[in-house]
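The values are calculated or read from the model by the stated rules, or taken from the named source; none is laboratory data. This structure is a prediction, so every number in the text was calculated from the model and none was measured. For neighbour counting, all protein chains shown are included, and Cβ atoms are generated from backbone atoms with ideal geometry for every residue, glycine included. Surface areas here come from the heavy atoms of the whole protein model, side chains and all, with no ligands, DNA or RNA. Shrake-Rupley method; radii C 1.70, N 1.55, O 1.52, S 1.80 Å.
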Amino acid sequence: MTDLFSPIEVGSMALKNRIVMAPLTRNRAGEGNVPTAMNVTYYEQRATAGLIITEATPISAMAHGYPATPGIHSDDQVQGWKKVVDAVHAKGGKIVLQLWHVGRISHPSLLPNGALPVAPSAIKPSGKAFTYQGLQDFVTPRALDAEELPSIVADYVTATKNALKAGFDGVEIHAANGYLLDQFLRDGTNKRSDQYGGSVENRMRFPLEVVCAVVDVAGADKVGIRVSPLNPFNDIRDSDPQTLFNAFAEALSPLKLAYLHAVEGGMTGEKTPPFDFVALRKHFKGNYMANLAYDKARGNAAIASGNVDLVAFGVPFIANPDLVERFRLDAPLNAADQSSFYGGTDKGYTDYPTL
Ligand code: PHB
């Protein structure tokens, strides 16, 4: 019987199990947003996962939206990430880097020369930005000119080359959770009247240009993508997510990516409208990775149903570096301490006990 412990080929990667560590923002990068020795320890401790997806990683200086998130756009960052990758590989793990551009979910204080955040349209998100000076109101972003988009595609390409230089097994394109690519996809944040806005086909254009460019440098078998059709996080909205994401999955399908990764609801347990994730996965002829509050039993049931190939676990991996072993033994799980999720020291980061 196929279950969470069954090996699987995902693109170019032979995974020892289907238990994936989800991307988790932890805000513990060092000076210059460079991964530190403590970050190396954190990932190394979790290398028994079939696959680790790194925390969301800004592709350029303009892609940052939170303090202390480790980038992949400077040489020092590449060297820092290389130590993470080498440690995970030495423990027999596989690891992909999540490529991130936050778009409008940022603040001038986090951007070069106090620049305005950029977005498909000049629409201010409701809520507040996390900055080095604490929470501050979001600002109205600057709408990108179509002529500027190739330079953002080029940043994705450079970031992908950097990730490969650092030795990553692949990359995951972050097209979820209300960040730049999601902002282009959705009709609530994309009000453009050019070829990048309006119809579903036009709204998918920029995200697909990014995917194709990343595939050109990495090879499709080293590229995954993450979407979150229902997640209202970051004030994102769409009038018809099912039509949009079915079409997106259908457009991605012929590219033969390593996997499609879906957050199957609201990230913080919000009530969400109905959505058919089985229909979504059927539009994508490839591996489907499910995420959102799964446990061992639900993960095994999802894989047994044939509708899910891999399951990504977030909070359980924060608190249980040996999650795979605990699942195997049906051992109790450590509870996660929410207060140390974002920022801080080794406390609540590398000090969770193993069995
Ligand atoms: C967060 O910092 O809360 C965060 C970052 C990236 C995500 C989701 C949440 O995709």
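Filtering region 251-277 to residues that are surrounded by 19 or more Cβ atoms within 10 Å (Cβ to Cβ) and modelled with pLDDT under 95 leaves only Met267. Of all residues being farther than 16 Å from Val311 by Cα and within 14 Å of the ligand (Cβ to nearest atom) in region 9-29, which is surrounded by the fewest Cβ atoms within 10 Å (Cβ to Cβ)? Just the residue, please. Only one residue tops the list, namely Asn27. Just one residue in the set Phe248, Phe206 is open to solvent by less than 10 Å² (accessible area, probe 1.4 Å), among the hydrophobic types (A, V, I, L, M, F, W, C) and over 22 Å from Met289 (Cα atoms); that residue is Phe206. Residue pairs whose Cβ atoms lie under 6 Å apart, separated by 6 or more positions or on different chains, with the first residue in region 139-157 and outside any helix (DSSP H, G or I) and the second open to solvent by less than 40 Å² (accessible area, probe 1.4 Å), are Pro141/Arg104; Pro141/Pro117; Pro141/Val118; Pro141/Ala119; Arg142/Val118; Ala143/Ser121; Leu144/Val118. Applying the criterion of at least 2 residues that are touching a strand residue (DSSP E or B) at 6+ places or on another chain (Cβ under 7 Å) to the helices (runs of 4 or more DSSP H) found wholly in region 271-355 leaves 277-282, 296-304, 323-329.
Every residue, every condition in (1) surrounded by 17 or more Cβ atoms within 10 Å (Cβ to Cβ); (2) among the acidic types (Asp, Glu); (3) within 16 Å of the ligand (Cβ to nearest atom); (4) not in a helix (DSSP H, G or I), yes or no:
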| position | (1), (2), (3), (4) |
| --- | --- |
| Ala176 | yes, no, yes, yes |
| Phe184 | yes, no, yes, no |
| Lys191 | no, no, no, yes |
| Tyr196 | yes, no, no, yes |
| Val211 | yes, no, no, no |
| Asp216 | no, yes, no, no |
| Gly224 | yes, no, yes, yes |
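The residues in region 116-128 that are open to solvent by 30 Å² or more (accessible area, probe 1.4 Å) and among the aliphatic types (A, V, I, L, M) can be counted, and the count is 3.
Please work out which residue is nearest to Ala293 (Cα to Cα), limiting yourself to region 30-73 and to residues that are assigned to a loop (DSSP other than H, G, I, E, B) and open to solvent by 20 Å² or more (accessible area, probe 1.4 Å). In this case the residue turns out to be Thr48.
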